[in-house]
Amino acid sequence: RETTDMFNLIAIIFSVVLVLAIGGAALYYGGEAYTSRTQETDFAEIVNGATRIRGAMELYKSRNGVYPGGVEDEVLGVSATEELLNRMVADNYLSGIPSGNWTIDNMVIQRGLEDVSQCLHVNRLAGLNTDLAPEGCPPCSDAQFSTWPACQEP
């Protein structure tokens, strides 16, 4: 009986150590995969938000003959883009404003990025050679990078 109990105790200890080792390896080697997925999700969220806004504006144009335009309201401190997006929601062209700091100018729909590293990740996920741009995030004013999804203002 004592031999069986000792064998069971050793088997349990070995199992616990094995589970901990596998869990540690998964966290160590899988950590980069989780980070990469988060960056891909951020990129997809940006693209999805811009697509939703563009779709709402195209629907507005098909119904009204012109694109919607925002009106600057300095008394309330609301930007033209915020006013336009709020109106698109109120008129049921958008179900809600996509998250982020959006700017719409002449049907160019942009969302502000958090920092240069997020800009780098967005451009990499878009399949671009980020070695061509300083820090992987080109200046928005450079025509050479006009098709890149992320850039930085000077």
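The values are calculated or read from the model by the stated rules, or taken from the named source; none is laboratory data. These figures come from a predicted structure and were not determined experimentally. Cβ coordinates were reconstructed from backbone atoms using ideal geometry, including for glycine residues, and neighbour counts include every protein chain displayed. For accessibility, only protein heavy atoms count, side chains too; no ligands or nucleic acids. Shrake-Rupley method; radii C 1.70, N 1.55, O 1.52, S 1.80 Å.
A single entry from T51, T130, T81, T147 fulfils the requirement of being surrounded by 14 or more Cβ atoms within 10 Å (Cβ to Cβ) and free of Cβ contacts under 8 Å to residues at least 12 places away in the same chain: T130.
Only one of the numbered conditions (1) assigned to a helix (DSSP H, G or I); (2) open to solvent by 80 Å² or more (accessible area, probe 1.4 Å) is not met by S141, and that is (1). Just one of (1) at pLDDT below 85; (2) within 37 Å of the chain's Cα centre (by Cα) fails for I10. It is (2). Of all the residues in the range 100-120, those that are open to solvent by 70 Å² or more (accessible area, probe 1.4 Å) and modelled with pLDDT of 80 or more number 1. If L76 meets every condition in (1) over 15 Å from P149 (Cβ atoms); (2) open to solvent by less than 60 Å² (accessible area, probe 1.4 Å); (3) at pLDDT below 80 apart from one, which number is that one? Looking at each condition in turn, L76 falls short on (2).
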